[in-house]
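Colleague: Before I ask anything, let me first share the structure, which is written out below as structure tokens.
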Amino acid sequence: MSDVAGNLAHIRNRIAKAARGADRAPDSVTLVAVSKTQPAEAVEAALAAGQRVFGENRVQEAKSKYPALREAWPDLELHLIGPLQTNKAGEAIALFDVVQSVDREKLARALAKEMDKQGRRPACFIQVNTGEEPQKAGVFPQDAEAFVALSRDDLGLPVRGLMCIPPFEEEPAPHFALLRSIAERSGLSLLSMGMSGDFETAIALGATHVRVGTAIFGARLTQPA
Ligand SMILES: *Cc1c(COP(=O)(O)O)cnc(C)c1O
């Protein structure tokens with residue numbers, strides 16, 4: 001296993017430096033350690049090094065790893081960062097503390113219904129497909145404000161921010177700036193943007209949550225079935 005504690009310390013330093021460079025407090029940026037495909041032992045190494053906020057992109061995988069970890073670390077916070085099927089909304093509400101990938105009306109309705117049923121209200125981010133890529137999840141930028149209003153004001157979801165994954169082959173900065181401007185227009189204060197390769201750019205443009213996987217845990221060798 002790679003040096004998770006050492007990598008975490010290095011990433012935290014880089015986050016603090018990027019925040020100070022943007023005249024921001026280092027603690028205004030939350031590091032979400034993305035543990036998808038990594039074994040529970042890697043997550044435990046991060047927990048032992050003080051990390052508490054984690055991201056997973058699949059309900060099934062999170063369900064197999066996190067309930068046991070939570071027993072030992074009750075203050076752990078788990079974010080869903082991947083696409084969610086409507087029929088898994090109930091499991092997601094039960095398991096996650098934050099859902100960053102709310103991206104369509106049918107899902108928003110299913111989440112609202114499950115929150116009422118379970119009496120549990122994980123904070124939500126609306127995922128915006130800033131690059132308007134057909135294969136990628138997220139609402140298009142021109143539809144984002146209306147979708148925020150629907151989710152937050154009509155359905156009553158606790159919408160706190162926006163999330164984006166810029167196109168792989170493009171400069172991320174314009175996408176981060178676009179996400180920020182949509183958040184400002186929508187009255188949302190949280191921005192989940194930036195991954196291993198571009199989190200410093202994202203922080204300069206206002207990211208409050210950066211999602212970092214490989215720079216902490218090393219390469220993802222396998223994708224679990
Ligand atoms: C995997 C993943 C990340 C982390 O990517 P790295 O490049 O490994 O840091 C961030 N966000 C989402 C949505 C992901 O699926």
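Colleague: Over all directions, how big on average is the projection of the convex hull of the alpha-carbon atoms in the chain, in square nanometres? Numbers along the way, then the final one.
Modeller: Working: hull surface 47.3 nm².
Mean orientational projected area (the chain, Cα hull): 11.8 nm².
Colleague: Could you rank the peptides 171-177, 73-79, 108-114 by their average count of other C-beta atoms within 10 Å per residue, with the highest value first? Walk me through the numbers on the way to the answer.
Modeller: On the way: 171-177: 17.7, 73-79: 16.1, 108-114: 19.7.
The peptides rank, most packed first, as 108-114, 171-177, 73-79.
Colleague: With charges set only on the Cβ (+1 for Lys and Arg, -1 for Asp and Glu), what does the dipole of the chain come to about its Cα centre, in debye to the nearest 20?
Modeller: So the dipole magnitude of the chain works out to roughly 400 debye.
Colleague: In 5 Å bins starting at 0, how do the alpha-carbon pair distances of the stretch 46-160 split up by percent?
Modeller: Answer for the stretch 46-160: a P(r) of 2, 12, 22, 23, 18, 12, 7, 4, 0 percent.
Colleague: Normalising by the residue count of the chain, find the relative contact order in percent from Cα pairs under 8 Å and 6+ residues apart. Could you put the intermediate results ahead of the total?
Modeller: Values: 418 pairs, mean separation 47.7, N = 225.
Relative contact order comes out at 21 percent.
Colleague: Here is a further query. Cβ neighbours within 10 Å, averaged per peptide: list 127-135, 30-38 in order, most packed at the top. Could you put the intermediate results ahead of the total?
Modeller: Numbers: 127-135: 18.1, 30-38: 22.9.
Descending mean neighbour count gives 30-38, 127-135.
Just so you know, all these numbers are worked out from the coordinates, no wet-lab data involved. Given the structure is predicted, the values throughout are model-derived calculations rather than measurements. Note that we place each Cβ from the backbone using ideal geometry, even for glycine, and neighbour counts take in every protein chain shown.
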